[in-house]
Amino acid sequence: MQVVHSPQHALHDGGVELHRGEMVPSFESPERVHFILAELERTGFAVVPPRDVPQDRLMRVHEPAFVEFLQGAYARWTAQGRDGSMLPSGFPARGLRRDRRPSGIHGAMGWYSFDASTPIVAGTWDAAFAAARCAMTAAALVSEGAAAAYALCRPPGHHAGTSFYGGYCYLNNAALAAQYLRDHGSKRVAVLDVDYHHGNGTQEIFWERDDVLFVSLHATPESEYPYFLGYADERGAGRGEGCTLNLPLPLGTAWPEYRAALDVALEAIGRFAPDALIVSLGVDTFEADPISAFRLQRADYARMGACLAVPGLPTVFVQEGGYAVAEIGANVAGVLGEFSACNTL
Ligand code: OKP
Ligand code: ZN
């Protein structure tokens with residue numbers, strides 16, 4: 001399996017976030033990629049750069065005005081004499097208007113984002129676009145016949161929607177990969193999101209579609225981010241009704257219960273009969289993750305890789321979360337290594 005990686009991820013650095021009432025350096029740091037790449041290289045994976053994917057491919061999933069906002073936001077900030085991290089401080093919640101997008105940068109930031117943990121810094125756009133190209137390149141490799149590919153995306157993507165960013169995510173890498181496959185011969189694609197957090201952006205993007213199944217295992221939004229989406233009663237709408245499946249799990253979930261939910265997810269994927277699989281691979285389900293509360297252990301990631309090979313589908317892995325940096329490489333390599341060993345394609 002090839003690893004698609006761009007050093008441009010490191011341009012997104014130096015951000016701060018609002019965490020439990022305090023400003024702290026972002027958990028989503030460049031070292032995460034350093035540790036993943038080192039472990040994948042050590043265990044023999046080949047690393048390739050992303051292709052030059054034209055920017056208009058982003059509009060297959062995102063709204064043009066949103067992409068334009070992300071690309072130009074930091075220049076608007078510095079034009080006002082500011083530097084450092086851009087963070088919003090007001091959002092269009094209940095009782096406020098969403099039909100007006102403020103022309104000023106502060107209001108626009110609040111309109112397009114949904115939290116204060118997703119800073120825009122000078123290199124954010126270049127890094128986010130590079131991550132999107134990594135995901136679409138991995139999808140291209142699979143559409144051209146590879147059994148599987150892994151996109152080492154940073155920043156992650158699954159919280160970003162058609163026209164919103166948040167949760168450390170700007171462009172939805174997994175959705176772009178799924179759409180790429182749809183545009184290059186796949187009739188039906190399943191997205192399985194195993195990140196600790198609900199992939200609210202991916203869910204929103206495919207909510208009314210019947211050609212992409214979205215299945216997510218995550219910590220219950222009753223107590224975990226993103227708080228306001230990810231419940232079991234969300235099942236899609238219109239043509240997409242029944243094409244969203246949420247499997248929220250309690251804090252403290254360990255492998256036996258996780259595995260049972262994964263089996264339910266894999267059965268749903270089997271019934272949907274897709275011709276390709278996207279895995280939104282977050283390893284923040286790990287017991288030592290600093291912002292999460294599941295209890296998966298190192299050896300469980302190899303077990304997860306074996307389970308993911310069961311459907312026997314061409315598979316694009318897209319990196320999402322995972323913040324225990326010292327162990328992140330071993331956990332990702334555990335999934336990918338065992339998947340490759342079990343894959344019969
Ligand atoms: C991104 B991904 C900690 C509170 C939550 C946002 C978490 C985003 C997770 N500051 N902040 O799904 O791993
Ligand atoms: Zn996460």
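The values are calculated or read from the model by the stated rules, or taken from the named source; none is laboratory data. None of these values were measured; they are calculated from a predicted model. For neighbour counting, all protein chains shown are included, and Cβ atoms are generated from backbone atoms with ideal geometry for every residue, glycine included. SASA here: full protein model, heavy atoms, side chains in, ligands and nucleic acids out. Shrake-Rupley method; radii C 1.70, N 1.55, O 1.52, S 1.80 Å.
Does E224 satisfy being of a type outside the set (G, A, S), within 12 Å of ligand 2 (Cβ to nearest atom) and open to solvent by 10 Å² or more (accessible area, probe 1.4 Å)?
Answer is yes for this residue.
If I ask for residues that are away from ligand 1 (no atom under 16 Å from the Cβ), open to solvent by 50 Å² or more (accessible area, probe 1.4 Å), on the phi < 0 side of the Ramachandran plot and among the hydrophobic types (A, V, I, L, M, F, W, C), which ones from the range 262-300 would you list?
Within the range 262-300, V264, A299 meet the criteria.
Hey, any hits in the range 324-342 for a residue that's open to solvent by less than 10 Å² (accessible area, probe 1.4 Å), among the aromatic types (F, W, Y), more than 16 Å from ligand 2 (Cβ to nearest atom) and modelled with pLDDT of 95 or more?
Within the range 324-342, one or more residues are open to solvent by less than 10 Å² (accessible area, probe 1.4 Å), among the aromatic types (F, W, Y), more than 16 Å from ligand 2 (Cβ to nearest atom) and modelled with pLDDT of 95 or more.
Out of (1) more than 16 Å from ligand 1 (Cβ to nearest atom); (2) out of contact with any Phe, Trp or Tyr (no Cβ under 7 Å at 6 or more places or on another chain); (3) not in a loop (DSSP other than H, G, I, E, B), what's the single condition that is false for A174?
Of (1) more than 16 Å from ligand 1 (Cβ to nearest atom); (2) out of contact with any Phe, Trp or Tyr (no Cβ under 7 Å at 6 or more places or on another chain); (3) not in a loop (DSSP other than H, G, I, E, B), only one is false for A174: (1).
For the range 223-260, which residues satisfy the criterion of being assigned to a strand (DSSP E or B) and away from ligand 1 (no atom under 16 Å from the Cβ)?
Within the range 223-260, T244, L245 qualify.
Considering the range 301-322 alone, what residues qualify as being within 16 Å of ligand 1 (Cβ to nearest atom) and either in contact with a Cys (Cβ under 9 Å, 6 or more places away or on another chain) or under 14 Å from H218 (Cα atoms) (or both)?
V318, Q319, E320, G321, G322, listed by residue number.
How about the range 147-170: which of its residues are assigned to a loop (DSSP other than H, G, I, E, B) and away from ligand 1 (no atom under 14 Å from the Cβ)?
Within the range 147-170, A147, L152, T162, S163 meet the criteria.
Being more than 16 Å from ligand 2 (Cβ to nearest atom), over 16 Å from G72 (Cβ atoms) and either at pLDDT below 95 or in contact with a Ser or Thr (Cβ under 9 Å, 6 or more places away or on another chain) (or both) is the filter here, so list the residues in the range 99-118 that pass it.
Passing the criteria: G110, A116.
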